[in-house]
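Following: one structure in structure tokens, then a few remarks.
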Amino acid sequence: MPSRRQFITRSMTAGAGLAFGFPTRANPGADPFTEREYQNLVTPDVRRAVDRGLQFLATTQNRDGSFGDSPMFHGNLAVTSLAGLALMAGGHQPGRGQYGDAVKRALNFVLSMEQRNPEGFLNNPTSLYKQGPMYNHGFATLFLAEAHGMVADRKLGKNLADTIRRAVDLIIRCQNSEGGWRYDPMKQHADSSVTICQIMALRAARNVGFFVPKEVADKCVKYVRSCQTADGGFSYFAGQGPAAFARSAAGVVALYCAGVYTGPEIERGLRYLMKFKPGDFAGGRGFMPESHYFYGHYYAAQAMWTAGPKYWNDWFPAIRDELLRINRSRNDGSWQDPTVCGHYATAMACIILQIPNNYLPILQK
């Protein structure tokens with residue numbers, strides 16, 4: 001299993017020498033010595049739950065290498081990519097590690113789904129779930145970028161690099177005049193939820209050496225800021241509608257991914273999110289009635305991790321204990337989301353619980 005230092009060195013080396021784009025660390029302005037202030041909050045129960053979750057993913061992977069354990073989401077690229085990221089968050093690289101074969105099969109499946117119209121579009125046209133194909137493209141590009149540099153096979157590595165380059169170019173071409181992105185691979189009225197998927201994918205690609213113009217990030221920052229509401233949260237559309245937990249978590253992470261780490265919009269966003277800390281919200285019932293539970297906490301955990309130990313040491317034990325409670329009654333080690341599928345929920349939960357591993361380059365400190 002690779003060390004954290006190996007991951008960091010690879011990521012920083014890949015991005016060296018580029019004049020424009022994003023910084024390569026999760027928070028480049030943070031004092032590295034403050035890492036010691038992060039408490040060791042990964043308990044034996046967490047390790048056992050994650051081990052069972054990853055085993056569930058690897059042993060129930062679809063024959064074609066995809067993930068998605070419901071008819072509607074079978075072969076869905078977003079679900080497949082998140083499952084691959086969850087396995088990689090445990091240190092399993094394509095072709096290496098206990099679940100390396102599962103990661104490589106997922107990688108090959110995503111690569112096989114590149115469309116030619118438009119060029120570089122990552123989407124499975126046979127998947128039954130059709131809404132928001134740019135979610136598929138954003139998560140797939142993120143997965144491919146995180147795997148870049150970890151592939152030993154030269155032919156596969158070249159295919160991976162070429163695909164990432166075309167996928168990045170498509171995202172850049174589809175950014176609208178507001179600075180955001182929408183459901184389809186074209187310039188449309190933007191929303192904050194699709195926008196975070198694209199800017200995070202661009203950030204991951206930039207981290208490993210792919211050029212992203214700085215003005216793309218600058219325009220995205222302007223758009224995300226226009227979505228912030230008076231209470232510090234973020235709305236779905238710029239200047240329209242109320243804030244909500246999931247989209248607000250996405251808004252904070254979008255700013256981080258675009259290189260904004262400090263400022264009033266960050267602090268107000270974090271304060272808004274803290275009102276929804278698991279165990280404190282809805283009398284301790286958490287967000288289980290909320291249809292975007294896993295999506296919201298996936299971004300909220302990233303926001304708190306990047307914000308620093310003050311936030312992380314308070315937030316992570318709460319979401320950790322809630323995820324363990326949700327999982328405790330499952331004999332197969334999975335988490336479930338009735339609106340999507342078990343592969344999706346399990347991948348999201350495992351990514352959250354493995355953030356302290358520091359294995360995914362996009363989240364490294």
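Points worth noting:
- Filter result for the condition that a residue is outside any loop (DSSP other than H, G, I, E, B) and either within 18 Å of the chain's Cα centre (by Cα) or buried (at least 24 other Cβ atoms within 10 Å of the Cβ) (or both), over Leu156, Leu144, Leu170, Leu160: Leu144
- Unmet criterion (only one of (1) under 26 Å from Val260 (Cβ atoms); (2) modelled with pLDDT of 95 or more) for Ala49: (1)
- The one condition in (1) over 30 Å from Asn62 (Cα atoms); (2) buried (at least 24 other Cβ atoms within 10 Å of the Cβ); (3) modelled with pLDDT under 95 that Gly286 fails to fulfil: (2)
- Any chance Asn40 is modelled with pLDDT under 85, assigned to a loop (DSSP other than H, G, I, E, B) and closer than 23 Å to Ala301 by Cβ: no
- Contact map, the range 160-189: first residue on the phi > 0 side of the Ramachandran plot, second residue surrounded by 16 or more Cβ atoms within 10 Å (Cβ to Cβ) and at pLDDT 95 or above, Cβ cut-off under 6 Å, separation 6 or more or different chains; pairs are Gly179/Lys219; Gly179/Cys220; Gly179/Tyr223.
- Complete set of residues in the range 185-208 that are surrounded by 16 or more Cβ atoms within 10 Å (Cβ to Cβ), more than 14 Å from Ala140 (Cβ to Cβ), at pLDDT 95 or above and not β-branched (Val, Ile, Thr): Ala190, Asp191, Ser192, Ser193, Arg203, Arg206, Asn207
- Filtering the range 309-361 to residues that are part of a loop (DSSP other than H, G, I, E, B) and within 18 Å of the chain's Cα centre (by Cα) leaves Trp335, Asp337, Val340, Cys341, Asn358, Tyr359, Leu360.
- The range 325-340 residues that are touching a residue at least 40 places away in the same chain (Cβ under 8 Å), paired with ones that are surrounded by fewer than 18 Cβ atoms within 10 Å (Cβ to Cβ) and part of a loop (DSSP other than H, G, I, E, B) (beta carbon under 6 Å, 6 or more apart): Thr339/Ser291
- Of the residues making up the range 177-196, none is farther than 20 Å from Arg247 by Cα and part of a helix (DSSP H, G or I).
A quick yes/no check of all residues on (1) surrounded by fewer than 20 Cβ atoms within 10 Å (Cβ to Cβ); (2) in a strand (DSSP E or B); (3) in contact with a Phe, Trp or Tyr (Cβ under 8 Å, 6 or more places away or on another chain); (4) not β-branched (Val, Ile, Thr):
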position	(1), (2), (3), (4)
Thr80	no, no, yes, no
Ala83	no, no, yes, yes
Gly90	no, no, yes, yes
Ala106	no, no, yes, yes
Leu128	yes, no, yes, yes
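- Only one of Asp314, Asp332 that is surrounded by fewer than 21 Cβ atoms within 10 Å (Cβ to Cβ), acidic (Asp, Glu) and within 26 Å of Leu255 (Cα to Cα): Asp314
The values are calculated or read from the model by the stated rules, or taken from the named source; none is laboratory data. Keep in mind that this is a model prediction, so the values were computed, not measured. Positions of Cβ are generated from backbone atoms using ideal geometry, with glycine treated the same way; all protein chains shown enter the neighbour counts.
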